[in-house]
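What follows is a short report on a single structure.
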Amino acid sequence: MKFLKKTIIAILLLIAGYFAFIYYVSYSEGIRAGELVKFSNKGVIFKTWEGEISQGVSEAQIFKFSVEDGETKVIEDLNKYQGHQVKLTYFERYKTLFWLGDTQYFVTKVELNNKKQNAKL
């Protein structure tokens, strides 16, 4: 009986450690720029914020990203800058967590990419 309890506790700790690692440790960080072509709130049970920027003319140059619900300023800015050239600051997780987003890339900051568009807004 003690062995079974210790085994179950060890398995639960491993699972908790795995998810903590996936959530808190970033694989990479960076900045991407392009035209914001899509941003939406999607899902049935787990609503997530998903978007795309076009970094060129071909389909291969589309950068897909997610935004966590707690990033309200980022969500507001992305809704406001639809169709504009933007610069996205992001981090990449090792794996996707379906309740947070469809991608491994999570945007933490949004800026307009040039001064001409700042004057328009």
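Every number in this text was worked out from the coordinates using simple rules, so none of it is lab data. This structure is a prediction, so every number in the text was calculated from the model and none was measured. With ideal geometry, Cβ positions are generated from the backbone for all residues, glycine too; neighbour counts draw on all protein chains shown.
For the range 55-72, enumerate the residues that are over 14 Å from the mean Cα position of the chain (by Cα) and among the charged types (D, E, K, R). So that I can check it myself, show each step before the final result.
Kept after step one, since they are over 14 Å from the mean Cα position of the chain (by Cα), are these residues of the range 55-72: 55-62.
Listed by number, the list holds a single entry, Glu59.
Please work out which one of (1) surrounded by 14 or more Cβ atoms within 10 Å (Cβ to Cβ); (2) outside any strand (DSSP E or B) is the condition Ile45 fails and give its number.
Every listed condition holds for Ile45 apart from (1).
Looking only at the range 70-106, count every residue that is out of contact with any Ser or Thr (no Cβ under 7 Å at 6 or more places or on another chain) and either under 21 Å from Phe19 (Cα atoms) or part of a loop (DSSP other than H, G, I, E, B) (or both) and tell me the total. Can you show your working first?
Here is the first cut: in the range 70-106, the ones out of contact with any Ser or Thr (no Cβ under 7 Å at 6 or more places or on another chain) are 70, 72-73, 75-88, 94-95, 97-99.
Narrowing the set further to residues that are either under 21 Å from Phe19 (Cα atoms) or part of a loop (DSSP other than H, G, I, E, B) (or both) leaves 70, 81-84, 94-95, 97-99.
So the answer is 10.
Just the residues that are within 18 Å of Gly101 (Cα to Cα), loosely packed, with under 12 Cβ neighbours inside 10 Å and of a type in the set (Val, Ile, Thr), please, taken from the range 14-42.
Val25, the sole residue that qualifies.
Take the residues in the range 46-77 that are touching a Gly at 6+ places or on another chain (Cβ under 6 Å) and of a type outside the set (Ser, Thr, Tyr), then tell me which one is nearest to Gly101 (Cα to Cα). Step through it out loud before you land on a result.
Initially, the range 46-77 is screened for residues touching a Gly at 6+ places or on another chain (Cβ under 6 Å), giving 48, 53-55, 65-66.
If we keep only those that are of a type outside the set (Ser, Thr, Tyr) as well, we get 53, 55, 65.
Numbers: Ile53: 16, Gln55: 21, Phe65: 8 Å.
Looking at residues that are touching a Gly at 6+ places or on another chain (Cβ under 6 Å) and of a type outside the set (Ser, Thr, Tyr), I get Phe65.
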